[in-house]
Amino acid sequence: MKYIVVGSSHFGYEAVETILEAEPNAEIHLYERGDKASFMSCGAQSYLEGICTSPDEIHYANEESYKEQGINVHLNSDVIDLDPEAKTITVKTEQGEEEASYDKLLLSPGGYAPKLNIPGKDLEHVYTFRGRDDAEAVKARMEDAKKVIVVGGGYIGIEVAEAYVRNGQEVTVIDAVDRFLPTYLDEEFYPTLAAEAKDKGLDFKGNEFVQEIKDENGVVTGVVTDKGEYKADTVVMAVGVRPDTAWLDGKLELDERGFVVVNEYLETSAEDVYAGGDATYVLFNATGKEAPIGLASNARKQGVTAAKNALGVKTEVPGVNGTSGLAFFDLKFATTGIKDATADSYDGEVESFYCEEKIRPSFMDDGDVTVEMKIFYDAETEVILGAQFLSTEDITHAANSISLAITAKMTLTDLALADFFFQPGFSRPWNFLNVLALRAQGSTYGATKMLF
C-alpha cells in the first residue's frame, strides 16, 4: 500500500506517525512545499521574543528524523494538482513538474495569510505572519524597525505586536472593530485587556479601516485609515487566514468559502482521498454544528482519524470545543465552547454569567489575586456550553476542565458541587469553578463569604 501525505504540519505529522505505527513497512511519501518539515507556527512568538534562538527549534520533526523512520520525505515539493480518477498528484519542484501515484491520499492543504487589497500592500517591510518564512522575516526586521503598525487585532496580530513592544519598538494595532481579541474574550474582559495594553505601551486604534500604505521611493512611511494617518516604517498584516485550496477546485467538493467538504470519517468527495487541518470544518460540540476552528490540537486528532480510516479502521473524528489558552503580557486567559460571538449558532436559549473572584484565601500572601470568569449555559436545562477565564495567575487549566464538562453535558449543579481539592496555597475551600457555577445559579452558601 502506497500512502501519500501532503503537508507536514500537525495533520500530516500525525497521519504519518499513525500509519507507520500500524504498518511499519508501509510505503509513505510526505510532500512539503517548504524547505523544512513540520514547522510549529504556534511557537513563532517564542522565536520573536528570543525564547527560541533559531526557528529550527520550533520543528517537531525534520527531514532527517523522517528519513530515519523510513519515510520518503519530499521538501521543496509543491503539490499543485490532483487527478482522483487516475489516483495521481502533480508535484512542482525546482526540476519541473512530475506525477506521483497513490493508493491512499491524505491532504492537509492548510491556509494562507492574505493581505488587504490596498495600495502599498506589496512594499518592502510589509509582512504577513504565518509559517517559518514569515517568522524569519518579521524577526529579522526587529533589528531596524522603529514605528510598527499591526493591521488586525486577533491573536496573530497581538502576538506580533507584543513581541515588538517587548523589543522596544513603538507599536500601534489598528482594527476595524472596537476592541482587540474580540473572538477570544467577550466585552466584559476588555477593560482589563485595554489597561494592560496601555500599561505596556501598546497603542490600539479601533473602528478604523486601513485604506493605504504610504511610501517614499519604495520605503514605507505610514498607514492611512478612514480616520487618520499614522507614521510607520514597518507594517504587519494579520487579517485572517483563508483555505489554500484553489488547486483543488473541480477535483474535490469545496464549499463557497473554499473549505474541503469531508464527512465524519474525513473522507472527501473522491474515493481514497482524506483531508483535515485548517482547510476543513470540525464538529463544534457546544452547538452540534460544523465550524472552522483552526487549532493545532484539532488537526492532530484529524491526522490520527484520517490515517486510521485510510488503514481500513473505521473511525469517526471527535468533536471539539475550540479550547485555547493564550497570554498577553502579564495576563493569562483561556476560552472553551460558546462565547458571545458564537451564541447565535446554538439551537436554544443561551444564558451567561460573569463575575470576578479571589483564587486563594485572603490570609495568603497572594490572597488578593483574582480571576475574571464567564460561563455560558442552556437557559432551560443549565447544561454548560462554554466559559472564559482571565487572570494574572495561570488559570488556563480551568478551560480544560470546562471543556470536559461540555463534552460530558454537565450542568451548573454538577459543576457547583464538583469535587476539587482544597489547600490554601492553591485554592479556596470552594474552588473558583464551583463558585462560578454557584453564583450563576444565585445560591452561594458560604462560598463567597469571608468572616475575617
The residue that is nearest to Q169 (Cα to Cα), considering only those in the stretch 47-94 that are surrounded by fewer than 17 Cβ atoms within 10 Å (Cβ to Cβ) and among the small types (G, A, S), is G50
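I need the full set of residues from the stretch 41-54 which are in contact with a Gly (Cβ under 9 Å, 6 or more places away or on another chain) and outside any loop (DSSP other than H, G, I, E, B), in order please.
Quick first cut of the stretch 41-54, residues in contact with a Gly (Cβ under 9 Å, 6 or more places away or on another chain) only: 41, 44, 51-52.
Listed by number, the residues that qualify are S41, A44.
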Selection within the stretch 281-297 - touching a helix residue (DSSP H, G or I) at 6+ places or on another chain (Cβ under 9 Å) and either among the aromatic types (F, W, Y) or without any contact (Cβ under 8 Å) to a residue 24 or more places away in the chain (or both)
F284
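For the stretch 266-317, how many residues are of a type in the set (K, R) and either more than 20 Å from T336 (Cα to Cα) or in contact with a strand residue (DSSP E or B) (Cβ under 6 Å, 6 or more places away or on another chain) (or both)? Break it down stepwise before answering.
Pass one, the stretch 266-317, residues of a type in the set (K, R): 289, 300-301, 308, 314.
Going one step further and asking which of them are either more than 20 Å from T336 (Cα to Cα) or in contact with a strand residue (DSSP E or B) (Cβ under 6 Å, 6 or more places away or on another chain) (or both), we end up with 308, 314.
Of the residues in the stretch 266-317, 2 are of a type in the set (K, R) and either more than 20 Å from T336 (Cα to Cα) or in contact with a strand residue (DSSP E or B) (Cβ under 6 Å, 6 or more places away or on another chain) (or both).
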Can you tell me which condition A279 does not meet? The list is (1) surrounded by fewer than 16 Cβ atoms within 10 Å (Cβ to Cβ); (2) under 30 Å from D122 (Cα atoms); (3) touching a Ser or Thr at 6+ places or on another chain (Cβ under 9 Å); (4) assigned by TED's automatic domain parsing to the domain that holds G12, and all the others hold.
(1)
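Within the stretch 123-147, restricting attention to residues that are touching an Asp or Glu at 6+ places or on another chain (Cβ under 7 Å) and at negative phi, which residue is surrounded by the fewest Cβ atoms within 10 Å (Cβ to Cβ)?
Within the stretch 123-147, the subset touching an Asp or Glu at 6+ places or on another chain (Cβ under 7 Å) is 123, 125, 127-128, 145-147.
Cutting the leftovers down to at negative phi gives us 123, 127-128, 145-147.
On the way: L123: 15, Y127: 21, T128: 23, A145: 22, K146: 11, K147: 19.
Per the stated criteria, the residue is K146.
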Residue pairs, Cβ under 6 Å, 6 or more apart or interchain, first in the stretch 363-383 and free of Cβ contacts under 8 Å to residues at least 24 places away in the same chain, second outside any strand (DSSP E or B). List them.
G367/R360; G367/P361
Could you tell me whether any residue of the stretch 250-265 is among the acidic types (D, E), surrounded by fewer than 22 Cβ atoms within 10 Å (Cβ to Cβ) and in contact with a Phe, Trp or Tyr (Cβ under 7 Å, 6 or more places away or on another chain)?
no
Hits in the stretch 291-314 (condition: over 22 Å from S41 (Cβ atoms) and surrounded by fewer than 17 Cβ atoms within 10 Å (Cβ to Cβ))
G312, V313, K314
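Restricting attention to the stretch 206-243, which residues are among the charged types (D, E, K, R) and within 30 Å of V260 (Cα to Cα)?
The answer is R242, and nothing else.
The values are calculated or read from the model by the stated rules, or taken from the named source; none is laboratory data. All values reported here derive from a predicted model rather than from experimental measurement. Here Cβ is always computed from backbone atoms with ideal geometry, including for glycine, and neighbour counts include all displayed protein chains.
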